[in-house]
Every structure is written in C-alpha cells, then in structure tokens.
C-alpha cells in the first residue's frame with residue numbers, strides 16, 4: 001500500500017493536510033490557515049497544491065463539488081488509514097526518543 | 001507585484017495541472033497575502049510539477065532514474081574537475097616561497113621609480129637590449145610579472161605612465177639595473193602551462209574552480225530536492 005513516505009519532500013505537508021482534513025472538509029486557503037493554527041507553520045501555495053495533487057492521485061483525499069467557486073476537499077478512508085499509519089510511526093519514534101532521554 | 005508574479009508562474013505549470021488546479025489556486029491567491037518565499041515556493045513547485053507527472057508513472061520513474069544518474073554523473077565530474085583545477089592552481093602554479101618573496105621585494109624596491117608614487121600610475125619595463133616589454137599594473141604590482149624571462153643582472157628601462165585609461169602618457173623614463181633578481185625563473189612554471197588562461201594569474205584558476213564547484217553544489221541541491229528518492233522510515237525498537 002502507498003504511504004506518505006512515498007511523497008518525498010511533500011511527505012510532511014501531506015501529513016499536515018490530512019490532519020487538517022481529519023477535522024472536517026476544507027478548501028485550499030482554509031487548509032493553510034488551519035495548518036498555521038495547529039502546527040505553527042505556513043505552507044507555501046506551491047507546496048500545498050503539490051501535496052494536494054499527490055494526495056488526490058493516491059486517493060487519500062477527494063475533491064468535492066465547488067461551493068462558491070471554491071473546491072473543498074475531504075479525507076477518504078484510505079487517507080485516514082495512511083494518516084493513522086504515519087502518526088503511529090511518529091508515536092513510536094517519539095516514544096523511542098523520550099525513552100532514550102530517560103523521560104518515559 | 002508578488003501576486004502578479006505568482007499568476008505568471010501558474011501559467012508555466014503543466015497543462016494537466018492547470019486544467020485541474022489553476023482556478024482554485026488563483027482563487028486562493030486572491031485571499032492570500034503572499035511573501036517572497038511564496039513566490040519561490042510556487043516556482044519550485046512548478047518545476048516539481050513538470051518532473052512529477054503521476055500519469056505515465058512508469059515512464060516517469062524511468063526518466064527520473066535516468067535523470068538521477070545523469071545528474072549524479074555531472075556532480076561527480078564537476079566535483080572532480082573543480083577539485084582537480086583547484087589542486088592544479090595550488091600545485092602547478094605554486095605560490096612563491098617565503099625566500100622568493102623576500103628576493104622579489106628587494107627587486108621591486110630596486111626598480112621603484114623616483115617619482116610618481118601614486119598608485120594610479122602604471123609601470124612598464126623595457127629591456128634595454130631588446131624590444132621585449134612588460135606591462136605592470138602598479139596597483140597590482142606582482143612578483144610573478146617581474147619573474148618573466150628577465151635576464152639576471154641586465155639593465156632595464158623603467159617607464160612610468162599615467163594610468164592606461166587616461167591615455168598612458170609617459171611621466172618618467174629611467175634606467176635601472178635588475179639588481180637583486182637572484183632566483184631562477186625558468187623553472188618557475190612548466191612550459192606546457194604557458195598559454196593557458198592561468199599563466200599570469202593564479203586567481204583565474206581558483207575562480208574557474210570555484211565556479212565549477214558552485215555548479216556541482218547547485219546540481220547536488222537539484223539532485224536532493226527534486227530528484228531525491230523517497231525515504232522509507234524504519235524504526236528501531238528500543
């Protein structure tokens with residue numbers, strides 16, 4: 001199965017987009033604002049649409065019909081699965097790091 | 001200005017990308033207050049969009065693999081050429097030894113003109129018994145220039161000019177002996193090196209080498225950022 005690791009430099013932006021969409025459907029600009037609010041990082045427009053393109057091609061997100069010229073996106077079942085796998089992997093990494101720091 | 005630039009950049013995206021995303025990208029741009037970084041980001045993503053076409057995936061993979069090899073080979077060649085040239089500049093055109101510098105300093109003092117110490121003047125040295133003539137930029141008076149084929153102990157004519165740009169009028173001509181030139185000049189450089197752009201100015205060798213190494217660095221950035229293989233995350237167990 002395809003994972004976010006296959007996205008190269010778009011891997012982290014793609015994960016942030018999936019996390020953003022896990023909170024509900026959003027269009028591009030709303031994603032930028034949401035990601036800035038939750039992660040403190042502002043995705044560049046080129047990076048955002050590079051990641052959106054890859055996520056859509058892999059079937060991790062789905063474009064919805066336009067609303068007032070804007071096109072919202074929603075996360076799909078396989079997107080949820082890929083995000084869960086990515087977050088599990090990060091949790092293990094975090095756990096391992098904390099253990100080595102003697103903080104767990 | 002930035003928005004207009006980004007709108008122009010969007011036109012450079014591949015056709016299939018524009019058909020699918022251009023309208024919503026431009027709409028998002030209307031709401032955005034772009035930074036210069038966003039312009040660079042859009043440019044970079046545009047290049048990426050051309051290289052990462054999802055359809056024809058196999059062909060794209062092969063093309064990308066070929067590009068990886070090509071760029072890697074170019075990096076290796078450029079690095080080799082740059083380092084080689086740098087080494088050549090160091091080794092084949094070696095800097096004068098401290099002893100030589102002392103000797104040459106003495107030599108230059110001996111042929112120092114009696115007037116016109118202003119650095120805006122240039123100097124030319126003419127051998128008394130032949131027509132050979134050496135032009136010396138006074139500001140960049142360089143021991144290596146004086147080393148060229150001067151017969152030891154011969155009398156030379158020193159001419160001081162106004163700067164070349166102001167017409168080169170001779171201000172002073174005097175005869176001075178090449179007193180103090182005691183080093184052997186013929187072995188200073190191998191003859192095959194004569195005629196190359198690096199004969200007179202070692203710095204030329206450095207400059208070209210640095211440009212080549214700069215190209216290699218640029219290719220490395222291209223190789224890593226656009227043509228890099230996706231990394232698989234593997235976690236070690238505690």
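The values are calculated or read from the model by the stated rules, or taken from the named source; none is laboratory data. Not measured: the values here are computed from a predicted model. Glycine also receives a Cβ, built like all others from the backbone with ideal geometry; neighbour counts cover every protein chain displayed.
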Check: Among the numbered criteria (1) out of contact with any strand residue (DSSP E or B) (no Cβ under 7 Å at 6 or more places or on another chain); (2) facing chain A (nearest Cβ under 9 Å); (3) over 18 Å from residue A:13 (Cβ atoms); (4) surrounded by 15 or more Cβ atoms within 10 Å (Cβ to Cβ), which single criterion is violated by residue B:27?
Finding: (1)
Check: Which is part of a helix (DSSP H, G or I), exposed (fewer than 14 other Cβ atoms within 10 Å of the Cβ) and without any contact (Cβ under 8 Å) to a residue 12 or more places away in the chain, of A:97, A:8?
Finding: A:97
Next item on the list: Considering (1) farther than 18 Å from residue B:41 by Cβ; (2) touching a residue at least 40 places away in the same chain (Cβ under 8 Å); (3) touching a strand residue (DSSP E or B) at 6+ places or on another chain (Cβ under 9 Å), say which one residue A:62 fails and leave the rest.
Entry: (2)
Margin query: Given the options A:77, A:14, A:22, name the one that is at pLDDT 90 or above and closer than 27 Å to residue B:223 by Cβ.
Written below: A:14
Notebook entry, point to check: Any residue in the range B:49-63 that is touching a helix residue (DSSP H, G or I) at 6+ places or on another chain (Cβ under 6 Å), surrounded by 12 or more Cβ atoms within 10 Å (Cβ to Cβ), modelled with pLDDT of 65 or more and within 11 Å of chain A (Cβ to nearest Cβ)?
Noted result: yes
Notebook entry, point to check: How many residues are assigned to a helix (DSSP H, G or I) and out of contact with any helix residue (DSSP H, G or I) (no Cβ under 7 Å at 6 or more places or on another chain) if we restrict to the range A:54-79?
Noted result: 4
Margin query: Every residue in the range A:17-29 that is surrounded by fewer than 20 Cβ atoms within 10 Å (Cβ to Cβ) and either within 23 Å of residue B:47 (Cβ to Cβ) or away from chain B (no Cβ under 13 Å) (or both), please.
Written below: A:19, A:22, A:23, A:24, A:25
Next item on the list: Please go through the range A:30-53 and pick out each residue that is at the interface with chain B (Cβ under 8 Å from one of its Cβ atoms) and not in a helix (DSSP H, G or I).
Entry: A:44
Notebook entry, point to check: Which number in (1) under 27 Å from residue B:23 (Cα atoms); (2) part of a helix (DSSP H, G or I); (3) touching a helix residue (DSSP H, G or I) at 6+ places or on another chain (Cβ under 6 Å) marks the one condition that residue A:86 misses?
Noted result: (1)
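Any residue at all in the range A:75-93 that's farther than 16 Å from residue A:19 by Cα and either out of contact with any strand residue (DSSP E or B) (no Cβ under 8 Å at 6 or more places or on another chain) or within 11 Å of chain B (Cβ to nearest Cβ) (or both)?
yes
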